[in-house]
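Asks: The structure is given below, and queries will be raised subsequently.
The values are calculated or read from the model by the stated rules, or taken from the named source; none is laboratory data. Keep in mind that what you see is a predicted model, and the values were worked out from it rather than measured. Cβ atoms come from the backbone with ideal geometry, glycine included; neighbour counts cover every protein chain shown.
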Amino acid sequence: MFLEKKQIYIVDDDVSVCRALGVLLSTYGFTVDTFTCAEAFFSAVPNSVSGCLILDIHMPGLDGWKAQQRIIESGSKRPVILISAGKNGANYDRALKAGAVGYLQKPFKDRVLVDLINAAFEK
């Protein structure tokens with residue numbers, strides 16, 4: 001029986017983060033596409049395409065908060081996990097209020113991310 005791989009999109013302006021998360025999640029069996037800005041993601045991936053989005057908060061141009069707002073306003077049901085290296089404790093609550101399925105502060109443990117992704121796909 002063929003099982004379809006779960007699609008993950010990573011949007012982070014730090015190329016090394018995109019690369020590291022891409023390799024990590026590929027080893028867990030996910031299909032991964034990375035983007036260094038939210039604008040490139042929105043241009044390449046239509047709302048109708050399923051998958052989970054891992055979205056950095058602090059990026060030039062369209063930051064993670066504005067990108068999350070755009071996703072919600074578009075009616076997309078794609079689950080979003082917001083990530084940040086910032087030490088703002090209020091980001092967790094703000095992320096959930098903004099409609100994200102989770103928030104992780106960098107650096108985070110691999111298994112925590114994978115468990116959060118799997119939980120997002122189950123919703």
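Asks: Using beta carbons and a limit of 6 Å, which pairs, at least six apart or on different chains, have the first residue in segment 34-45 and within 16 Å of I57 (Cβ to Cβ) and the second one part of a helix (DSSP H, G or I)?
Replies: Qualifying pairs under 6 Å: F35/F41; A38/A67.
Asks: Here is a list: I81, I71, I54. Which entry is touching a Gly at 6+ places or on another chain (Cβ under 6 Å), in contact (Cβ under 8 Å) with a residue 12 or more places away in the chain and not polar (S, T, N, Q)?
Replies: None of the other options fit; the residue is I81.
Asks: Restricting attention to segment 1-57, report how many residues are of a type in the set (D, E, K, R), under 20 Å from N91 (Cβ atoms) and either loosely packed, with under 14 Cβ neighbours inside 10 Å or more than 11 Å from the chain's Cα centre (by Cα) (or both).
Replies: Going through segment 1-57 one residue at a time, the tally reaches 2.
Asks: Looking only at segment 93-118, which residues are of a type in the set (A, V, I, L, M), outside any loop (DSSP other than H, G, I, E, B) and surrounded by 14 or more Cβ atoms within 10 Å (Cβ to Cβ)?
Replies: Correct list: A95, L104, L113, V114, L116, I117.
Asks: Continuing with this model, one more query. Please state which one of A85, A90 is out of contact with any Lys or Arg (no Cβ under 9 Å at 6 or more places or on another chain) and either modelled with pLDDT of 95 or more or surrounded by fewer than 19 Cβ atoms within 10 Å (Cβ to Cβ) (or both).
Replies: Going through A85, A90 in turn, the sole match is A90.
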